[in-house]
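Here the structure comes first, spelled out in structure tokens, and everything after it is commentary.
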Amino acid sequence: MPRLCLLIIVITLQLVNAERHKVGLVLSGGGARGAAHIGVLKEIERQQIQVDYIAGTSMGAVVGALYASGYSVSEIETILNTIDWEQAFDDEVARNQFSYRRKVDSRRFLSNVQIGLDHEGFKLPAGIVSGQTIGLILNRHLAKVSHVDNFDQLNIPFRAVATDLVTGNEVILSRGSLVEAITASMSIPGVLIPIEKDQQLLVDGGIANNLPISVVREMGADIVIAIDISTPLYQRSQISDVVDVADQLSSLLTRKNTERQIATLTASDVLIVPDLTDIATMDFARVNDAVTRGEAAARESMALKKLSQQQPPKTVAKNLKKASLKMQKISIVKIIINNQSQVNNDRILSKISIREGDQFDLKAIEKDVDTIYGMGYFNLVQYSLKPVDGGYQVTFNVKDKSWGPNYLRLGFNFSTSEDIDSRFNFTASYLMTNLNDYNGELALDLMFGNDKRFALDWYQPLDTIWSPFFEAQTSFTSKQYNFYSNQNLTYELSTQSFESDLSLGFEFDNWGEMRVGAKYIDGKINQKVGVPLISTEDYRDGLEYFKVEVDTLDSVYFPQDGILWRTSYARTRSALGSTSDYSKNQTTIIKAIEWSNNSITLQAQYQRNKGNSIPLHAYYRSGGLLDFSGYEINQITSANKASIRATYMRKLKPNDFLDLYLGVSYEEGVIWQQDQSFDWDNAIEGYSMFVGMNTQLGPLYFGYGRNNDDSASYYLLLDKLF
């Protein structure tokens with residue numbers, strides 16, 4: 001008897017569904033305005049209208065995919081409210097996820113601007129943003145359906161709409177990676193890098209079909225509910241500047257195809273246009289406002305009420321989540337690298353912490369994605385899941401940078417204080433990566449200005465799985481050293497030297513390294529200012545050295561968290577060609593502690609030369625903001641130095657695109673020359689106040705410093721302080 005009842009119910013449901021008109025939901029693009037779709041969905045559910053098909057463009061594709069995947073309307077609203085949209089359009093992973101080699105780069109250079117350069121000429125990325133962060137955010141919420149290859153297998157059949165950048169034609173995405181389809185649909189040309197799929201370059205679907213009514217018709221919809229949240233065209237009086245012109249051109253691209261789609265609606269269809277006049281495309285802070293307006297527009301729609309009365313009540317329970325994977329207590333059975341890059345597979349695998357047999361952990365997988373991306377070689381690193389016997393198969397999808405593998409980086413730094421001439425250096429670096437199976441790198445560095453440096457560096461990993469490396473460097477360096485007496489410049493000397501450096505080391509994951517090496521220096525000293533001491537003096541140094549570093553700082557510009565510890569010891573050897581006899585040891589420790597938008601950075605530094613004949617190039621230069629504040633930049637030259645410093649910073653955010661840091665510091669330290677002894681009783685005490693901001697060219701600071709020697713100065717710097 002129970003079986004007979006069940007059979008009758010199933011047959012009845014099939015008959016009801018057969019008679020019911022199929023409803024297709026169409027969600028247009030419009031950025032933050034797309035939150036209005038959520039409000040309309042609330043009213044659709046309240047009126048118990050069953051949606052059979054969904055097609056979406058751009059933000060409409062985001063909302064539509066989440067709904068089709070089984071998320072409730074309230075869950076989608078929470079997701080859109082909790083996404084950090086500023087971060088979503090910033091592909092830079094946290095510095096503590098960089099490979100150690102890239103961390104070293106970040107300490108050497110200020111500018112993040114990177115241009116591809118090879119024998120064919122300059123190459124630029126096809127967009128400002130690769131979509132790495134957006135893809136990772138979408139993957140986090142759609143991981144449970146990442147195994148779905150056919151979008152008809154979702155709770156509700158779904159289509160995303162993109163545009164073929166070559167032809168301008170509409171591309172309907174119904175299979176493959178759901179996250180990739182959504183990212184393609186929202187890839188604004190020039191902002192996000194186009195998605196390559198099936199030999200096509202896919203960009204924002206709004207260009208070809210922003211309100212894809214025709215798509216749900218093709219899917220089988222008898223009745224269409226279309227929600228148009230696209231930006232209306234400006235009137236003549238509203239166009240006054242270049243931003244207005246750009247917005248109008250963008251709207252023109254979408255408005256015409258939207259109107260063509262609206263013209264196909266019939267009397268039985270529903271068109272809902274929420275009042276979003278004052279909500280801009282990037283107004284993500286007004287998600288709740290857009291939701292409310294969408295709900296109000298749907299509630300006032302007589303066509304929607306009529307449809308509700310004509311349709312039988314829902315016969316299928318919503319959010320069955322039939323396509324969803326279970327995300328708890330499942331094992332990782334297999335790990336696969338879908339490697340579309342020049343980087344060795346084993347080298348990528350060595351960066352992955354999860355192992356076959358581990359319990360599935362979404363956060364651990366995301367951390368591994370960031371670590372792989374932090375190697376600096378890739379345009380996109382994403383993951384997908386697939387159910388297999390006993391658990392999940394995790395696939396990491398890795399794509400090369402299209403503008404690599406050789407890069408040119410340009411930048412400059414300058415510093416000035418009250419009573420000295422400004423210092424300015426222009427820098428350029430040409431980096432060639434992935435030169436062999438072990439991903440060797442060759443770098444040419446140039447610096448022109450007050451200091452000069454020309455260097456050729458070969459960095460060669462010696463294995464793909466563990467991390468030994470060999471590095472060889474040759475360089476020419478020119479530096480200036482100042483000697484003061486009672487705040488007056490007494491001598492100004494300069495060095496020019498040719499250096500060769502060979503080292504063998506080992507990287508500890510992405511947080512540290514240890515190396516041993518030998519260095520040969522051949523140079524000369526010239527006197528530029530002061531009573532003549534020397535005309536020209538030649539010197540030769542040959543040193544052997546040992547160095548250990550740990551670096552987990554989240555920033556070398558404005559550190560909020562992490563630690564930097566650097567210790568080295570070097571001594572001269574006559575067998576290496578040295579004409580001097582001395583040893584040199586240096587230790588620097590920086591610890592950053594963060595709470596809320598506040599941080600304290602503690603630093604201790606000890607730099608010591610011991611010996612009978614210490615050459616000038618081994619001396620230390622000090623002075624400037626946060627380095628014996630109050631003194632001029634590089635005013636102090638000493639054989640030895642010890643100092644401690646505490647810096648407090650408060651992070652401010654006057655707008656979505658600017659981070660400001662207000663800081664104060666207290667410093668104490670001593671310097672002593674070769675013929676003097678360490679005496680903390682004669683320590684220099686100082687303090688500073690500064691404001692700083694991060695720019696694409698590097699960190700910019702304006703500050704004031706004073707010390708107990710009655711020295712005070714104002715500073716303006718585009719340079720690193722930490």
Tally time: how many residues in the stretch 149-173 are open to solvent by less than 10 Å² (accessible area, probe 1.4 Å) and within 30 Å of Y407 (Cβ to Cβ)?
2
Of all residues in the stretch 202-232, which are touching a residue at least 60 places away in the same chain (Cβ under 8 Å) and over 19 Å from V270 (Cβ atoms)?
D204, G205, G206, T231
Considering every residue within the stretch 129-148, establish whether at least one is at pLDDT 90 or above, open to solvent by 50 Å² or more (accessible area, probe 1.4 Å) and not basic (K, R).
no
Check on I348, surrounded by 15 or more Cβ atoms within 10 Å (Cβ to Cβ), in contact (Cβ under 8 Å) with a residue 24 or more places away in the chain and not in a strand (DSSP E or B):
yes
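Taking G692, is it in contact with a Ser or Thr (Cβ under 6 Å, 6 or more places away or on another chain) and either open to solvent by 60 Å² or more (accessible area, probe 1.4 Å) or closer than 27 Å to E418 by Cα (or both)?
Here the answer is no, as G692 does not meet what is asked.
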Conditions (1) touching a helix residue (DSSP H, G or I) at 6+ places or on another chain (Cβ under 6 Å); (2) in a strand (DSSP E or B) -> V203 fails only (1)
For N434, the lone unmet condition from (1) on the phi > 0 side of the Ramachandran plot; (2) at pLDDT below 90 is (2)
Tell me which residues, restricted to the stretch 438-454, are at pLDDT 90 or above and either under 30 Å from Y484 (Cβ atoms) or open to solvent by 80 Å² or more (accessible area, probe 1.4 Å) (or both).
Y438, M447, R453, F454
Flag if V166 is under 30 Å from L124 (Cα atoms), among the aliphatic types (A, V, I, L, M) and modelled with pLDDT under 90:
no
Every residue from the stretch 635-678 that is open to solvent by 60 Å² or more (accessible area, probe 1.4 Å) and touching a helix residue (DSSP H, G or I) at 6+ places or on another chain (Cβ under 9 Å):
D656, F657
Of all residues making up the stretch 402-419, the number that are out of contact with any Leu (no Cβ under 9 Å at 6 or more places or on another chain) and either open to solvent by 30 Å² or more (accessible area, probe 1.4 Å) or not small (G, A, S) (or both)
4
Here's a check for you: in the stretch 478-537, which residue that is at pLDDT 85 or above and aliphatic (A, V, I, L, M) is surrounded by the most Cβ atoms within 10 Å (Cβ to Cβ)?
I521
For the stretch 593-634, the count of residues that are open to solvent by 20 Å² or more (accessible area, probe 1.4 Å) and among the aromatic types (F, W, Y) equals 3
Spans of strands (runs of 3 or more DSSP E) in the stretch 624-722 with at least 1 residues aromatic (F, W, Y) and closer than 22 Å to S111 by Cβ
658-672, 684-695, 698-707, 712-718
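The values are calculated or read from the model by the stated rules, or taken from the named source; none is laboratory data. Remember, it's a predicted structure, so these values are computed and weren't measured experimentally. Methodologically, a virtual Cβ is constructed for each residue, glycine included, from the backbone with ideal geometry; neighbour enumeration extends over all protein chains shown. Protein only, heavy atoms only, side chains kept; ligands, DNA and RNA dropped before computing areas. Shrake-Rupley method; radii C 1.70, N 1.55, O 1.52, S 1.80 Å.
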